[in-house]
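*Asks:* Below you'll find the structure I mean.
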């Protein structure tokens with residue numbers, strides 16, 4: 001973590017689940033000069049200020065759609081984690097203009113502001129829904145990925161460097177399915193809604209996601225998409241873990257929803273190398289010559305693959321790390 005010593009880091013969407021936990025981790029484990037929380041929700045910023053007290057932290061109200069405001073926020077910033085996004089799939093389907101403004105136009109504003117203010121490195125957080133998307137949210141995140149990868153051409157690979165971290169669902173993050181299921185499970189009479197019996201999803205812990213993103217700052221050169229190795233689970237099995245006393249109600253697949261998610265496609269695998277705990281997609285325009293890592297081809301990384309589905313590992317993560325969280329609710 002020495003890369004962050006005496007540096008200034010800014011997190012967009014910094015009052016969300018990722019930003020809040022990343023802030024605590026960074027303040028405890030690094031020697032940052034300053035940490036800037038950039039978000040548009042004044043109430044969340046106020047609540048975060050009350051919970052986290054450190055002279056290195058600054059709060060900056062603003063919207064990522066507003067490039068002028070971003071330029072002000074990015075002055076003297078070394079690194080940026082772009083975590084802000086409109087993420088709710090059905091809401092994005094019914095509010096498409098807002099989704100595009102935030103996830104696409106906002107990404108473009110981040111890129112322009114970072115280049116103008118000479119930010120050293122930017123990592124944008126993405127999602128498995130960006131791979132072969134069938135919903136607007138996934139399509140906007142795919143577009144965002146393309147913007148960030150190709151933004152390196154605008155900075156000529158010598159100025160600001162841009163890369164991506166793409167992962168699946170974060171266990172117990174704000175607005176995710178696990179807290180929702182546990183809230184319903186408080187009453188054993190509630191039926192737990194399930195869209196499809198074969199539905200699977202990738203899951204990662206918040207701690208693992210944060211550490212992976214910070215590690216990626218050290219490994220990135222420009223244009224890579226970093227993907228952590230993750231396990232998946234049938235959602236029906238997830239419900240059995242979280243809501244053992246409740247019955248399941250099949251409600252049908254929602255607009256824009258997939259049965260299985262994919263972290264990378266067969267087409268993308270031609271540009272991928274495999275590492276011990278991750279995969280890295282290299283950009284097409286970048287020549288990659290390194291025999292240190294295993295190159296893979298014609299492989300799809302799907303949550304529905306029997307190789308990736310691991311009930312015991314997901315259950316262990318929930319039991320060990322999140323039981324106290326649910327008891328306090």
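*Asks:* Within segment 93-106, does at least one residue satisfy the condition of being surrounded by 16 or more Cβ atoms within 10 Å (Cβ to Cβ), over 25 Å from residue 7 (Cβ atoms), modelled with pLDDT under 95 and within 16 Å of the chain's Cα centre (by Cα)?
*Replies:* Within segment 93-106 (the criterion being surrounded by 16 or more Cβ atoms within 10 Å (Cβ to Cβ), over 25 Å from residue 7 (Cβ atoms), modelled with pLDDT under 95 and within 16 Å of the chain's Cα centre (by Cα)), the answer is no, since none of the residues qualifies.
*Asks:* Report, by residue number, each residue of segment 28-52 that is in contact with a helix residue (DSSP H, G or I) (Cβ under 7 Å, 6 or more places away or on another chain) and assigned to a strand (DSSP E or B).
*Replies:* Within segment 28-52, 35, 36, 37, 38, 39 meet the criteria.
*Asks:* Can you find even one residue in segment 53-76 that is assigned to a strand (DSSP E or B), within 19 Å of the chain's Cα centre (by Cα) and closer than 24 Å to residue 208 by Cβ?
*Replies:* Checked against the condition, which is being assigned to a strand (DSSP E or B), within 19 Å of the chain's Cα centre (by Cα) and closer than 24 Å to residue 208 by Cβ, segment 53-76 yields no hits at all.
*Asks:* Which one is surrounded by the most Cβ atoms within 10 Å (Cβ to Cβ), of the residues in segment 246-277 that are in contact with a helix residue (DSSP H, G or I) (Cβ under 7 Å, 6 or more places away or on another chain) and at pLDDT 90 or above?
*Replies:* Only one residue tops the list, namely 263.
*Asks:* Further question: For residue 174, state whether it is within 27 Å of residue 98 (Cα to Cα), touching a residue at least 12 places away in the same chain (Cβ under 8 Å) and crowded, with 18+ Cβ neighbours inside 10 Å.
*Replies:* So residue 174 fails the test.
*Asks:* Could I ask something else about it? Going through segment 178-193 one residue at a time, which ones are within 21 Å of residue 256 (Cα to Cα) and surrounded by fewer than 19 Cβ atoms within 10 Å (Cβ to Cβ)?
*Replies:* Within segment 178-193, 180, 193 qualify.
*Asks:* Additional query: Hey, can you tell me all the residues within segment 85-112 that are part of a loop (DSSP other than H, G, I, E, B) and out of contact with any helix residue (DSSP H, G or I) (no Cβ under 7 Å at 6 or more places or on another chain)?
*Replies:* Listed by number, the residues that qualify are 88, 95.
*Asks:* So residue 49 clears everything in (1) in contact with a strand residue (DSSP E or B) (Cβ under 7 Å, 6 or more places away or on another chain); (2) within 22 Å of residue 114 (Cβ to Cβ) except one condition, right? Which one?
*Replies:* Here residue 49 clears every test but (2).
*Asks:* Turning to a different aspect of this structure: Just give me the residues in segment 213-237 being surrounded by 16 or more Cβ atoms within 10 Å (Cβ to Cβ) and touching a helix residue (DSSP H, G or I) at 6+ places or on another chain (Cβ under 7 Å), in sequence order.
*Replies:* 217, 222, 223, 225, 226, 228, 231, 233, listed by residue number.
*Asks:* I need a count of the residues in segment 196-210 that are without any contact (Cβ under 8 Å) to a residue 60 or more places away in the chain and assigned to a helix (DSSP H, G or I).
*Replies:* 1
*Asks:* From the residues in segment 2-27 that are without any contact (Cβ under 8 Å) to a residue 40 or more places away in the chain and closer than 16 Å to residue 213 by Cα, which one is farthest from the chain's Cα centre (by Cα)?
*Replies:* Ranking the qualifying residues of segment 2-27, first place goes to 2.
*Asks:* Sticking with this structure for a sec: Collect the residues in segment 221-249 that are closer than 17 Å to residue 264 by Cβ and either assigned to a loop (DSSP other than H, G, I, E, B) or free of Cβ contacts under 8 Å to residues at least 24 places away in the same chain (or both), keeping them in residue-number order.
*Replies:* Hits for segment 221-249 are 223, 224, 229, 230.
Yes/no per residue for (1) in contact with a strand residue (DSSP E or B) (Cβ under 9 Å, 6 or more places away or on another chain); (2) part of a helix (DSSP H, G or I); (3) touching a residue at least 60 places away in the same chain (Cβ under 8 Å):
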residue	(1), (2), (3)
118	no, no, no
134	no, no, yes
137	yes, yes, yes
140	no, yes, no
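The values are calculated or read from the model by the stated rules, or taken from the named source; none is laboratory data. Computed from a predicted model, the values in this text were never measured in an experiment. All Cβ positions, even for glycine, are placed from backbone atoms using ideal geometry, and neighbour counts span all protein chains on display.
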